[in-house]
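K.L.:
Following this message is one structure expressed as C-alpha cells.
Here, each number is a calculation from the coordinates, and none is a lab measurement. A quick note: this is a predicted structure, and the numbers were derived from the prediction, not measured. So basically every Cβ, Gly included, is an ideal-geometry build from the backbone, and we count neighbours across all protein chains shown.
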Amino acid sequence: MKLEVKLTRSLIGRKPNQVKTAHALGLKKVNQVVVKEVNDAVVGMIKTISHLVTVNEVE
C-alpha cells in the first residue's frame, strides 16, 4: 500500500524538527505531492506533521 502525501500548509515559522521531517519526506513547497510506501518510519513522520499535510491512499 502507498500513501500520497501533500504539503498543504507552509513551513515558514514552524519548529525545526517539523521542517526537517517535511524535507525528509521530500516536501519542500506548498501543494507538492509525494507518494511513499507505508512503513512505521513514514507513518511516524506523517503523524509529526499531520497538521501540515493531507494524506490519501493510493493503489
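K.L.:
Of all residues being over 14 Å from ASN56 (Cβ atoms) and loosely packed, with under 11 Cβ neighbours inside 10 Å in the stretch 1-14, which is nearest to the chain's Cα centre (by Cα)? Just the residue, please.
P.N.:
Filtering first and then ranking leaves SER10.
K.L.:
Could you tell me which residue of the stretch 17-33 is farthest from HIS51 (Cα to Cα), considering only residues that are surrounded by fewer than 17 Cβ atoms within 10 Å (Cβ to Cβ), touching a Lys or Arg at 6+ places or on another chain (Cβ under 8 Å) and of a type in the set (A, V, I, L, M, F, W, C)?
P.N.:
VAL33
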